[in-house]
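What follows is a short report on a single structure.
The values are calculated or read from the model by the stated rules, or taken from the named source; none is laboratory data. Values in this document were obtained by computation on a predicted structure and should not be read as measured data. Cβ placement follows ideal geometry from the backbone for every residue including glycine, while neighbour counts extend to all protein chains displayed. Heavy atoms of the whole protein, side chains included, go into the accessibility calculation; ligands, DNA and RNA do not. Shrake-Rupley method; radii C 1.70, N 1.55, O 1.52, S 1.80 Å.
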Amino acid sequence: MRKGKKSALYDVLPAEDNATLDLTQSTVVVDGGFLLHRVKWKQSSNISPISQQYIAYAQKHYGENCMVVFDGYSHVDSTKRAEQKRRGISKTSVDINFQENTTITVQQEHFLANERNKTRLIHLLSEKMTAAGIETTIATGDADGTIVRCGLDKAAVHPTAVIVGEDVDLIVLLIGLAPQSTNIYFMKPGRGNVETKLFSVRQLQQHPIAKTILLLHSFSGCDTTSAIHGKSKVGIAKLFKENPGLTQDMSTIFKDPSTSPEDIEEAGEKLFLAIYKAPAHQNNLNELRYSAFLKAAMKPKSDMATLPPTKGASKQHSLRAYLQIQQWLGNPLPPIQWGWVKGKDGILNPVYTKDPVAPESILKMIFCRCMTGCGVRCVCRKAGITCSDACGCLGSCTNGAPVEESIDEDLDFDEI
């Protein structure tokens with residue numbers, strides 16, 4: 001799936017002005033994934049002093065009354081598995097069956113990119129931190145949801161509770177799930193020239209997009225849904241702010257655990273029509289896509305990726321957005337009924353569309369004449385179809401394996 005810039009939502013949400021908060025005097029819940037990368041250790045370090053570094057960092061910055069929540073990475077049917085697998089492609093290391101006296105000879109980022117290494121380290125840190133008086137837990141499901149629930153539990157019995165992390169999912173969940181009477185904060189620590197930001201969840205819940213933020217975040221692209229080409233989160237947030245009637249109605253539909261797939265498909269199509277600024281008389285996504293194609297075809301250069309999605313693609317995207325919202329709300333649903341399918345490796349993969357790439361009459365007209373295999377220039381591959389008997393490449397055809405696509409990250413944001 002296309003990956004966008006999730007953190008762009010921080011540009012929409014106002015932080016506290018000149019706010020200061022002594023974390024050592026507060027009840028703090030720390031995102032363990034953030035902590036794993038925040039504490040820096042040198043290559044060729046021993047596991048025992050590495051674990052002591054984490055303990056010392058947590059005690060120094062968050063005090064004795066802190067809790068660390070780690071991701072267990074053990075839930076096979078998690079819809080985040082595909083994203084976790086993608087993140088580990090560029091940097092990874094071999095499995096290291098380490099003990100406390102083992103010296104780690106690989107770089108930290110490569111070591112942590114290996115899920116099995118990270119899991120072993122998490123269990124070791126959990127034991128060491130617990131022995132040092134730091135409360136820890138290892139999430140068996142969605143770690144973000146566990147972190148937020150732990151933070152809300154702490155806020156119910158302590159005057160000041162703070163969740164510390166970098167993932168924007170955490171603040172989205174806090175805004176969408178925290179009772180309005182809860183006094184809880186979210187802190188995004190600074191890094192380099194980037195200043196630390198402190199957010200009051202109670203204040204953010206007064207923001208115009210607060211009631212629809214779960215739908216906004218899931219539909220515009222998160223870990224389990226695709227970003228929309230050329231449509232930034234900030235731009236979509238502006239749309240949600242300017243159309244409260246439409247978006248609040250859609251949010252109600254997506255939050256309802258009893259909504260049918262047909263109603264989700266219809267609601268998702270309406271959202272896409274609004275995002276692509278369809279005329280008032282236009283209520284069919286395929287027709288809007290065709291109109292946009294005709295306009296693009298008249299230009300010397302056109303980018304087909306900028307076209308609105310088909311109804312088939314919109315349906316699967318909307319089903320995944322609905323599933324993610326229900327998971328955030330604590331309503332587990334079977335992923336294979338909501339836009340996902342299991343691959344041969346057992347990992348859930350997104351269903352892009354169930355529609356044919358083009359009408360049969362058009363497909364019969366497409367054929368290639370590749371002489372040395374069917375690479376990225378193959379017209380059949382470009383059209384998204386496999387080669388047929390009409391092609392001249394049989395015997396040397398390689399149009400069976402997908403070509404790796406580049407990751408498109410939209411960095412052009414409108415102000416809201």
Matching residues, region 23-41, being modelled with pLDDT under 90 and either in contact with a Ser or Thr (Cβ under 9 Å, 6 or more places away or on another chain) or of a type in the set (Lys, Arg) (or both): Gln25, Ser26
Members of region 44-82 that are at pLDDT 85 or above, among the charged types (D, E, K, R) and crowded, with 18+ Cβ neighbours inside 10 Å: Asp71
Yes/no for Ile175 being touching a His at 6+ places or on another chain (Cβ under 9 Å), touching a residue at least 24 places away in the same chain (Cβ under 8 Å), hydrophobic (A, V, I, L, M, F, W, C) and not in a loop (DSSP other than H, G, I, E, B): yes
Any hit, region 33-42, residues being open to solvent by 40 Å² or more (accessible area, probe 1.4 Å) and either in a strand (DSSP E or B) or more than 18 Å from Phe111 (Cα to Cα) (or both): no
Pairs, first closer than 12 Å to Leu21 by Cα and touching a residue at least 40 places away in the same chain (Cβ under 8 Å) in region 186-203, second part of a strand (DSSP E or B) and open to solvent by 100 Å² or more (accessible area, probe 1.4 Å), C-beta under 6 Å, six or more apart: none
Of all residues in region 128-154 being more than 25 Å from Ser78 (Cα to Cα) and charged (D, E, K, R), the one that is surrounded by the fewest Cβ atoms within 10 Å (Cβ to Cβ): Glu135
Lys354 vs. criteria basic (Lys, Arg) and surrounded by 12 or more Cβ atoms within 10 Å (Cβ to Cβ): no
Whichever residue in region 83-105 is assigned to a loop (DSSP other than H, G, I, E, B) and of a type in the set (A, V, I, L, M, F, W, C) and, among such residues, is modelled with the lowest pLDDT: Ile89
Qualifying residue in region 276-293 (condition: modelled with pLDDT of 95 or more, under 18 Å from Ser226 (Cβ atoms) and out of contact with any Phe, Trp or Tyr (no Cβ under 8 Å at 6 or more places or on another chain)): yes
One residue from Lys197, Lys154, Lys188 being more than 22 Å from the chain's Cα centre (by Cα) and within 20 Å of Phe34 (Cβ to Cβ): Lys154
Subset of region 299-325 [surrounded by fewer than 19 Cβ atoms within 10 Å (Cβ to Cβ) and in contact (Cβ under 8 Å) with a residue 60 or more places away in the chain]: Ala305, Thr306
Total residues in region 11-22, condition crowded, with 19+ Cβ neighbours inside 10 Å and in a helix (DSSP H, G or I): 0
Candidates Thr119, Thr130, Thr136, Thr146, filtered to the one that is of a type in the set (Val, Ile, Thr) and out of contact with any strand residue (DSSP E or B) (no Cβ under 7 Å at 6 or more places or on another chain): Thr119
Index of the failed condition, Asn349 passing every other in (1) touching a residue at least 24 places away in the same chain (Cβ under 8 Å); (2) open to solvent by less than 80 Å² (accessible area, probe 1.4 Å); (3) assigned to a loop (DSSP other than H, G, I, E, B): (3)
Residue, least open to solvent (accessible area, probe 1.4 Å), within region 216-266, restricted to residues that are without any contact (Cβ under 8 Å) to a residue 24 or more places away in the chain and not in a helix (DSSP H, G or I): Ser260
Set Ile175, Ile163: member being surrounded by 15 or more Cβ atoms within 10 Å (Cβ to Cβ) and within 20 Å of His37 (Cβ to Cβ): Ile163
Of the criteria (1) assigned to a helix (DSSP H, G or I); (2) farther than 16 Å from Ser7 by Cβ, which one Ile213 fails: (2)
Region 280-298, residues that are assigned to a loop (DSSP other than H, G, I, E, B) and either among the aromatic types (Phe, Trp, Tyr) or open to solvent by 60 Å² or more (accessible area, probe 1.4 Å) (or both): Ala280, His281, Asn283, Met298
Filter result for Ala274 (touching a His at 6+ places or on another chain (Cβ under 6 Å) and in a helix (DSSP H, G or I)): no
